[in-house]
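The values are calculated or read from the model by the stated rules, or taken from the named source; none is laboratory data. Please read these numbers as outputs of a predicted model, since none were measured by experiment. Neighbour counts are summed over all protein chains in view; Cβ atoms, including those assigned to glycine, are modelled from backbone coordinates with ideal geometry.
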Amino acid sequence: MHRSIVADAAAADRRSAQLPAARLRQYQLLRRRRTRVADRSLARGAGSEKTQIARSTISTDADRVNLAFNFVDFGSPVLRDGAPIPLHCDAGNDALNGVSVDLFAGTCTSLGTGGLLLDLNPFVVHTIGYTTYGTIFQSDPPDMLQQMGEAVSARIVVPELIWIEEICGEWTLHIEVSGLDTAALNLGGSNPFALVVEDRDKNVGCFDVTNAVVGNQIPPPTHGVRRGARRGRR
């Protein structure tokens, strides 16, 4: 039999009292977000995302997309109809075991066609001291990615934070993708975009991005001989 909602709230308040001030604020935000999104198993840290699309002015297949964001996995099932359901976490809820990240034009309620589709699996896991992180590098060839010449580099970090029972895990993810033709992926326009994250258990979160930095890459400087420069002493 499940504990009462009042008992769960009291236990959560006792846990929150043990957290540092900065972490407490984030914890409270996560609790409110979890209550609001009853059918969402993944949530993004508010204000954590950074999205950049840098288009090449030299070649159609040299665009870059950079993504960075924090996210948490609440496992499956999640809260439904305001009633708590026991948290279930398994290997599929651990982003170090792989995660899918997609970027579409449009919004979560009106996704565009095409999109950048990334399957970040498997991460190579490293542990240094109390810090655990994963890295991955993919390129086409030899990997079969969306576009020939595409290269993906990603790093996922587990924050050094006090464990919170209400979530299966929390991560910071940085992704760099190069060698793209963003127009062919229907990412040739500007805001808004939709960021979709999916764990290995097929739990999905979709987040609207309205502050992406979109523009042209800065051309590399050219090196030449200055006119009038002396060639040497006589």
Output the residues belonging to region 202-229 that are buried (at least 17 other Cβ atoms within 10 Å of the Cβ), of a type outside the set (V, I, T) and either at positive phi or modelled with pLDDT of 90 or more (or both). G205, C206, F207, A212
Filter result for the condition that a residue is among the β-branched types (V, I, T), in a strand (DSSP E or B) and in contact with a Cys (Cβ under 6 Å, 6 or more places away or on another chain), over V177, V196, V152: V196
Of the criteria (1) out of contact with any helix residue (DSSP H, G or I) (no Cβ under 6 Å at 6 or more places or on another chain); (2) aliphatic (A, V, I, L, M); (3) free of Cβ contacts under 8 Å to residues at least 60 places away in the same chain, which one A194 fails: (3)
Tell me the strands (runs of 3 or more DSSP E) entirely within region 31-148 that contain at least 2 residues that are at pLDDT 95 or above and crowded, with 16+ Cβ neighbours inside 10 Å. 50-55, 63-73, 99-107, 116-120, 131-139
Spot the failing condition for T172; the list is (1) buried (at least 19 other Cβ atoms within 10 Å of the Cβ); (2) within 18 Å of K50 (Cβ to Cβ), and only one is missed. (1)
